[in-house]
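Everything below concerns the one structure shown next.
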Amino acid sequence: MTAHGTLDAAIARMTAIISESRHVVALVGAGLSAESGIPTYRGSGGVWTKFGEPTIDGWELFQEDPAAWWEAALNPEAQLTDFARAVEGAEPNAGHIAMAALEAEGKLAHVITQNIDGLHRRAGTTQLTEIHGNRSFVRCMNCGERSLLAQIKIRQLPPLCEACGGVLKNDTVMFGEPIPEPALRECYRQAALADAFLVIGTSAVVYPAADFPVMAKRRGVPLIEINPEETALTGIADVVARATAGEVLPALVERLRT
Ligand SMILES: [Zn+2]
C-alpha cells in the first residue's frame with residue numbers, strides 16, 4: 001500500500017489530498033521540536049528516559065501551595081533544567097516555518113500542538129491550540145485568561161489576575177491537571193471540521209490528543225503521518241512519510257505551489 005511507498009510517492013499523495021481539502025488540521029508532537037534541539041520526553045535520549053518522569057502530583061502540589069511553587073519558579077539561583085535551557089535557545093525549524101507558510105497560503109486551517117515551547121507562534125502560525133499550554137504564558141485559574149509571563153506585574157506570590165483576582169498559574173499543563181476546557185473544546189471542534197488530518201512528530205500515545213486523528217479517521221477523513229518512526233497511528237494512516245517534518249513539509253509547500 002501507499003504506506004510503504006517511497007518518500008517521494010508519499011509526498012505526492014499528501015499533496016493531492018491537501019490540494020483537494022478545505023479544512024486541513026495538524027496534530028503536532030515533540031518530534032517537531034526535537035528538530036529545533038529540544039529534547040523529547042520519551043524515547044531514546046528523552047528527558048524522562050534519562051532522568052525519570054516528573055512527579056505525578058505536580059498539579060496537587062501547586063494547588064496546595066501556589067505561592068511556594070512561584071517562589072521556586074522565580075528563584076534566580078535555581079538551575080535551569082536541560083529542557084528549559086534547550087527551549088530558551090531554540091529557534092523555529094524548517095518544519096515550523098513550512099507549517100506557517102501552509103497556513104498563510106490557505107492550505108492548513110488549524111494546528112493542535114502538544115509542544116509548550118511557543119515555536120509555532122514564533123514561526124507565524126496563528127490558528128493554533130496549545131493543548132498542553134505555553135511555557136511563556138500564565139493562565140488565570142479562575143477566568144482562564146492567558147497572558148505573557150514577561151508582561152504580568154508580580155506584586156505578591158502567587159501573582160493574581162488583573163481582570164478577576166484569581167490565582168495565576170504557569171500555562172504549562174501539569175501532571176494531573178485537566179486540559180483547560182476552551183482548548184479541549186477547540187480541539188474536538190477541529191477534529192469534527194477536518195477533511196484531512198496531518199499527524200506530525202507525535203507518537204500518538206498521550207490522550208486526549210491521540211483521539212483527535214482517530215475521531216477524524218472514523219468519519220473517513222484521510223490521515224497523513226509524518227514521522228521518522230512507526231507510531232500507534234501508522235496502521236490506520238492513509239499516507240505515511242517516514243521522515244522528519246523538516247524534510248517533508250518544505251517539499252510539500254513547494255509541490256502545493258506548482
Ligand atoms: Zn482571571
Orientation-averaged projected area, Cα convex hull of the chain (nm²)
13.8
Using a Förster distance of 41 angstrom, determine the FRET efficiency expected from the C-beta separation of D82 and N142, and round it to 0.05.
0.80
Just to verify a number: FRET efficiency for T258 and T6, C-beta to C-beta distance, R0 = 30 Å, to 0.05?
0.95
Only Cα pairs under 8 Å and at least 6 apart count here; give the relative contact order of the chain as a rounded whole percent.
27
Expressed in whole Å with the largest first, what are the equivalent ellipsoid semi-axes of segment 83-215 derived from the C-alpha gyration tensor as the square root of 5 times each eigenvalue?
27, 18, 14
Theoretical ellipticity at 222 nm over the chain - DSSP helices of four or more residues, -39500 (n - 2.57) apiece, nearest 500
-10500 deg cm²/dmol
Dipole magnitude of segment 173-243 about its Cα centre, charges +1 at Lys/Arg Cβ and -1 at Asp/Glu Cβ only, in debye to the nearest 20?
200
Whole-Å distance, taken between Cα centres, linking segment 94-116 and segment 142-190
24
Checking rank on 57-69, 158-170, 16-28, with mean other Cβ inside 10 Å and highest first, the result is 16-28, 158-170, 57-69
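Every read-out reported here was derived from the displayed coordinates using simple, explicitly stated rules and does not represent laboratory data. Source: prediction; values computed, not measured. Backbone-built Cβ (ideal geometry, glycine too); neighbour counts: all protein chains shown.
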